[in-house]
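The values are calculated or read from the model by the stated rules, or taken from the named source; none is laboratory data. None of these values were measured; they are calculated from a predicted model. Reconstructed Cβ throughout: ideal geometry from the backbone, glycine too, with neighbour counts over all protein chains shown. Surface accessibility is based on the protein's heavy atoms, side chains included, excluding ligands, DNA and RNA. Shrake-Rupley method; radii C 1.70, N 1.55, O 1.52, S 1.80 Å.
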Amino acid sequence: MAKSRSQISRRNRQRGAELERETAAFLWDELGLVFKRNLEQVRTQFENDLQCEDVSFPFSIECKRRKSGNGIPAGAWEQACEASSRLTSCYPCVIYKYDFRAARAVVSFSAISEALTGVRAAADTELADISMHGFCYLARELMAVRAEQ
């Protein structure tokens, strides 16, 4: 029996919510920061998917889960940029996961540059696709650099 369009949509939403919960748990384990799913994302366009209770967290996170593919899903970076533009001093980040593969994070080189130099660079279009452990390292470094300023 074929699944209806609404059944497929519902399952996709469930899979997306599952990735958001998994990501929040991973970030708690790695960073010790509490992240909550942003339920406004369903009602309001251009909202980030996960919100950190610590206002010094330097990223606005958009989560994407797909069955298959390579690299960042189409349109995800633009969506993350739009959501982060509403937040002060947050870089956009897309955390994506394809079935049977580890989750990955995509961030701008500006975020990496600030972590290394302590200077917030102008927005750029160059992106880095990094592991989740690398993302946590970057977040810790950015938070430390900003705390020293």
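Some observations on this one:
- Candidate set: the stretch 13-54, residues that are of a type outside the set (A, V, I, L, M), open to solvent by less than 80 Å² (accessible area, probe 1.4 Å) and part of a loop (DSSP other than H, G, I, E, B); chosen: the one modelled with the lowest pLDDT: THR44
- Conditions (1) modelled with pLDDT under 75; (2) assigned to a loop (DSSP other than H, G, I, E, B); number of the one not met by ARG10: (2)
- GLU82, sole failed condition from (1) in contact (Cβ under 8 Å) with a residue 24 or more places away in the chain; (2) out of contact with any Lys or Arg (no Cβ under 8 Å at 6 or more places or on another chain); (3) farther than 18 Å from ASP49 by Cβ: (3)
- Residue count for the stretch 124-149, restricted to those that are within 17 Å of the chain's Cα centre (by Cα) and either β-branched (Val, Ile, Thr) or open to solvent by 80 Å² or more (accessible area, probe 1.4 Å) (or both): 6
- Qualifying residues in the stretch 90-114 (those that are of a type outside the set (A, V, I, L, M, F, W, C) and closer than 24 Å to ALA147 by Cα) - the one surrounded by the fewest Cβ atoms within 10 Å (Cβ to Cβ): SER113
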